[in-house]
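Data first, discussion second: the structure below is written as structure tokens.
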Amino acid sequence: MTIVRLLFLVLCLAAAPVWAQDAQIPEIRTSLEQDTAIPGQPLIFRVTVLVPTWLPSPPVFPSYETPNVVVRLPSRASGPTSETINGETWSGVTRSYRLYPMTAGTFQIPPGTIKVTYADPDNQQPVVVDAQTDGFEITGQIPEGAQDLDPFLAAKSLKLERTVEGTPESMEVGDALTITTTVKVTGVAPMFVPPLSDADPGNGLAAYPKEPVLDEKEDRGLLSGTRSEETSLVAETAGTYTIPEKSLSWYNLESGKIETATVPEIFLQVTGTAEAQPEQQATPFDWRGLFGWLVLVALAAVLATVAWRLLSPGVKRSAAALRERYYTSESYLFRQLAAAIRQHDLNGTLQRASRWKTAVGGDIQSGNWRDFEQAVHACSALSFSPAKPNVREDADIRWRHLLETVRGMRQRLRRKRQLQTHAHLPDINPR
């Protein structure tokens, strides 16, 4: 019996270093306040990383991107924390995520890997560990009585407006006017507002819609913003036209009732006809003038041939250099990128984004590229996820969000370059 006890004691002493090492592995804690939300409303998911010493560099958290779920980081998403464990103070970081189910249904959030760098308690040297979080699921649930809303939209407040620039009651053929439809929402991101494009006005009016403009704001976690759609109409034929009223039904989160916002129809009165071209009188053919022109054309051709042979190598090099400069310019590459996004071309978007990134160099911060990568990931999920979205607006929403992301990146790039240019301008009044 004594020998058995001695063997057990030896085994315990041999395992002690292993237990001590395991105790130093970063502790990962997760919490989900609720697992069910109305589509478009957030669920708060928190991840806490604790270590026995300190963190020389911040942890690298996963994105938790999932098809049909918008994942966002609120302002001040990460913050320091500490806790007493077994009588010792452990320090760490807590990160909060906001998960927005886009449609009704249950969505699986995959496990995530957190890269943690902390100081070794024995020698203070940095130790890098990959910690794993468990997967979980969330549910988007449409409230009772709102199942017939198509598309579904929930908000705390909503206002629908329509403005007209022009004189619809007294137009003439060739005149134009602009109709702007704007939705103002509180309690939901404007990206969840469905498209409100005016119907085709029919023959006699030509419609030229612009890309929708989304403006989002956040105040202490409360989202709000606007979605504006602008369409220009050009009168081609005289007559009377009607732009029908526009309605948008939505679920009021405050009252729990279905409400409908409506803007009235617009009447257009177009008068006049297209101006007729004056009839030209036939003139006798001038054969002498034709002969003179033929001589001049032949002489010009000879001179052009001689000049081309003399100047061709230099002209070709200059033309090639101009073409190369144009096709590698930042403006051309951005237009190509925007065109690929409008066409929902994922491969073209990735290729052209890479070329545009090379053209702008390091002028765009890495955080903006992370926003771009998240938006691209959301679009790519539409093609590669086994759970295909059933609503076309889902794809439109993600691609429009990607387009607005790259536009915002370019605006910040322009402002940065303007500031750099102004900083290098010479003083107007040197002393």
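The values are calculated or read from the model by the stated rules, or taken from the named source; none is laboratory data. Remember, it's a predicted structure, so these values are computed and weren't measured experimentally. Because the Cβ atoms are built from the backbone with ideal geometry, glycine has one as well, and the counts that use them run over all protein chains shown. For accessibility, only protein heavy atoms count, side chains too; no ligands or nucleic acids. Shrake-Rupley method; radii C 1.70, N 1.55, O 1.52, S 1.80 Å.
Checked against (1) of a type in the set (Val, Ile, Thr); (2) more than 30 Å from Pro190 (Cα to Cα); (3) modelled with pLDDT of 95 or more, Thr89 meets all criteria but (3). When the criteria are applied in full, Thr167 fails the requirement of being free of Cβ contacts under 8 Å to residues at least 24 places away in the same chain, assigned to a strand (DSSP E or B) and open to solvent by 50 Å² or more (accessible area, probe 1.4 Å).
Can you pull out every residue in the range 106-117 that is under 19 Å from Pro52 (Cα atoms) and surrounded by 16 or more Cβ atoms within 10 Å (Cβ to Cβ)? Matches in the range 106-117: Ile114, Val116, Thr117.
Check whether at least one residue in the range 193-203 is modelled with pLDDT under 90, surrounded by fewer than 14 Cβ atoms within 10 Å (Cβ to Cβ), among the aliphatic types (A, V, I, L, M) and farther than 22 Å from Leu43 by Cα, and report yes or no. Yes - at least one qualifying residue is present in the range 193-203. Scanning the range 224-263 for residues that are outside any strand (DSSP E or B) and surrounded by 17 or more Cβ atoms within 10 Å (Cβ to Cβ) gives a single hit, Leu253. Only one of the listed residues (Gly87, Gly174, Gly92, Gly145) is among the small types (Gly, Ala, Ser), farther than 22 Å from Ala381 by Cβ and free of Cβ contacts under 8 Å to residues at least 24 places away in the same chain. That residue is Gly87.
Here the range 77-105 is the region considered, the condition is being surrounded by 16 or more Cβ atoms within 10 Å (Cβ to Cβ) and β-branched (Val, Ile, Thr), and the residue that is farthest from Ile138 (Cα to Cα) is Val93.
The single condition from (1) open to solvent by less than 30 Å² (accessible area, probe 1.4 Å); (2) in a loop (DSSP other than H, G, I, E, B); (3) free of Cβ contacts under 8 Å to residues at least 60 places away in the same chain; (4) over 18 Å from Pro111 (Cα atoms) that Pro74 fails is (3). No other residue among Asp134, Asp130, Asp120 is surrounded by fewer than 18 Cβ atoms within 10 Å (Cβ to Cβ), in contact with a Lys or Arg (Cβ under 7 Å, 6 or more places away or on another chain), closer than 30 Å to Pro56 by Cβ and of a type outside the set (A, V, I, L, M) apart from Asp130. Checking the range 346-356 against the condition returns a match, with at least one residue being under 30 Å from Leu153 (Cβ atoms), surrounded by 15 or more Cβ atoms within 10 Å (Cβ to Cβ) and modelled with pLDDT of 80 or more.
Is one or more of the residues making up the range 38-49 in a loop (DSSP other than H, G, I, E, B) and either among the aliphatic types (A, V, I, L, M) or without any contact (Cβ under 8 Å) to a residue 40 or more places away in the chain (or both)? Yes, the range 38-49 contains at least one residue that is in a loop (DSSP other than H, G, I, E, B) and either among the aliphatic types (A, V, I, L, M) or without any contact (Cβ under 8 Å) to a residue 40 or more places away in the chain (or both).
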